Amino acid sequence: MSGATRRAYVLLMTAASAALLFSFLVYILFAANLARFPYDYDQGEGFEVHDSVLFSRGALPYRDTETYPFYASNYPPLFHMMAAPFVWLFGPAYWYGRLLGFLGSLVSAAAIAYAVYRDGTRHKWIAALSGLAFLSSNFVYHIGPLFRQHTMMVTFETLAVVALAGAVPRRDKRGIALGLALLLCAGYTKQLAAITALAAIAWMFIRQPARAWTWTLGFALVGAAIFLWLNIASGGQWWNQAIVANVNVFMVEQALGLFNLWFKLHGFLLIPAALLFVYELYLERLSLYSIWLVAAALLGGIASGTWGAGDSYFVTSVAAACILSGIFFSRSLAGAWRFPRALRFNPSSKLTIAAALMIPLVYLGYARATLKMPTDGAFRPLAAVLGVEGNVRETFFDSATFKVGGYARIGYFLTSADWAAGAEIVELIQASDKPVLSEEAGFTLAAGRDVVTNPTQLRNLERAGLFKGEQLLAMIERQEFGLIVLRALFYPPSVLGAIGRRYEHTQTIHMNGFDYIILYPKALDEG
């Protein structure tokens, strides 16, 4: 590499680093803004808090939804068990679960950087940019700082894959055991990790089929033992709540829209990742990373089309793409390609010069494709320079926008008005001398009231023929709830019908970009 090329390379890489570090800064500011907010930012967070509370009491959240408080969870236990000690110390709160998710995303980024460094050509700069690229993804930005188990699942998946990719070729028993243990952790954080487990086991059979049988058998026995214990301990509710209730309606349009958005945002990384996949397929052996990317993108992408799913289902494939693209870039800079002699020339030297100029431009393009930032306050001058205007609540720009079904309507920073609106709803709940039915658990938790029902879970159970709701419907018909708080109308149709008959809409409170509908009992002569 000539002196001029070297100087251009350093200059462009510095610019790419600055762009991705800016994205990381916005991510940190978003996480900090969100951490203290005491109500749901993303629908369902409050139920994750309540699951953690139940585990802190030594109780399982897989319960009979036919009896008061009609509550059950559909998520595996590990993430909520990790949050349970914080409940002992601080009581029900959102900040520690959000902190766990944010730290989990940083661990994933570090694991990606390590994999690129170890399995590439030990190029530290490319390794660091690969980790930052993961954190720059709009999908990671959305889900990372939330009290949701998905980010921690991806963390365990990434650690497992990196561990196995290094241990299996060396026949390192401890490394393999660690990788499989991490896969179990991922699966018992969220069921979607089964895709990564299948990819990893398939790769192990390709590399070492005889040994893979032994490892797979042990992995399956441990996983099945945990599954069986959960089912017995919950009186069979684990199967109903975490497995059967998760089979949802598939929406082709949503899946296709999210596939398109996934490529639009991450194409700068997916193309080099695909090139490395093709190179491995024809000139080397397929790496675990390649099989992981294909499985996570295809199966995770299909799963994103189910009701209740969304862009977070692509986060695992983003992690795989960051590793593969980073290895591709580091090899290109080092000229570490081996081509067949039939080509009669070695293009590696020519590729090295081109790569030195192209790679930082690719990262710059990726940073622009995934740009998200506030457009007011201190960020206003930069937004003007970049030519972006707020397209989310008028004060935040998201390059993906919200035009795709299943793309999370979140990402903007919270304001004092959101805090005040949440406090107003809590005051209404506290003023009631009866139980309250709220579509989001954060309000009732803040008011010190019972968390009654999990609306999406009831809906899923009803669709599966596992929820009759006779007691809940009777309570609504008798107007035993002092007030009802709705947002997305996720309750089963039978419940919504009963609410419409016995309760009336009296007030709308706007919080966090959504309208919260407050309903009080109708006068008896109107019922």
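A compact table of results
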{"read-out": "Burial ranking of peptide ranges 235-248, 121-134 (average Cβ count within 10 Å, highest at the top)", "value": "121-134, 235-248"}
{"read-out": "Globularity index of segment 204-265, i.e. its alpha-carbon radius of gyration over 2.2 N^0.38 Å", "value": "1.75"}
{"read-out": "Semi-axis lengths, Å, the chain, gyration tensor of Cα atoms, sqrt of 5 times eigenvalues", "value": "44, 28, 18"}
{"read-out": "At most 12 other Cβ within 10 Å, DSSP loop - trypsin sites (Lys or Arg not before Pro), segment 386-447", "value": "LYS403"}
{"read-out": "Stretch gain in nm, segment ARG409-LEU281, where the contour uses 0.36 nm per residue and the Cα spacing is subtracted", "value": "42.2 nm"}
{"read-out": "Rounded Å value of the spacing that divides the Cα centres of segment 466-514 and segment 115-163", "value": "41"}
{"read-out": "Spin-label pair TRP213/ILE232, simplified geometry with 7 Å Cα→Cβ offset, distance in nm", "value": "2.9"}
{"read-out": "Projected label distance in nm at LEU351 and ALA224, using a 7 Å step from Cα toward the beta-carbon", "value": "4.5"}
{"read-out": "Hits among lysines - C-alpha to C-alpha of LYS264 under 22 Å, sequence gap 8 or more where chains match", "value": "LYS372, LYS403"}
{"read-out": "Longest site-free stretch - the chain; sites: GluC sites (Glu not before Pro), DSSP loop, at most 16 other Cβ within 10 Å", "value": "67-283"}
{"read-out": "Rg/Rh ratio calculated on Cα atoms of segment 416-521 (Kirkwood radius)", "value": "0.96"}
{"read-out": "Residues in segment 32-64 that a label on ALA464 would reach, taking backbone N under 13 Å of a point 7 Å out along Cα→Cβ", "value": "62-64"}
{"read-out": "Cα-projected label distance for ARG338 with THR14, points at 7 Å along beta-carbon direction, nm", "value": "3.8"}
{"read-out": "Å² of accessible area per residue within the chain, as computed with a 1.4 Å probe and no ligands counted", "value": "41"}
{"read-out": "Whole-Å distance, taken between Cα centres, linking segment 196-211 and segment 256-335", "value": "19"}
{"read-out": "Extension reserve of the VAL252-GLU389 stretch, reckoned as 0.36 nm per residue once the Cα distance is removed", "value": "46.2 nm"}
{"read-out": "Equivalent ellipsoid dimensions for segment 91-197 as semi-axes, Å, which come from the Cα gyration tensor, largest first", "value": "24, 19, 10"}
{"read-out": "Accessible carbon and sulfur surface of the chain relative to its total accessible area, %, 1.4 Å", "value": "64"}
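The values are calculated or read from the model by the stated rules, or taken from the named source; none is laboratory data. Computed from a predicted model, the values in this text were never measured in an experiment. Heads up, the Cβs are rebuilt from the backbone with ideal geometry, glycines too, and the neighbour counts pull from every protein chain shown. Heads up: the accessible areas ignore ligands, DNA and RNA and are worked out on the full protein's heavy atoms, side chains in. Shrake-Rupley method; radii C 1.70, N 1.55, O 1.52, S 1.80 Å.
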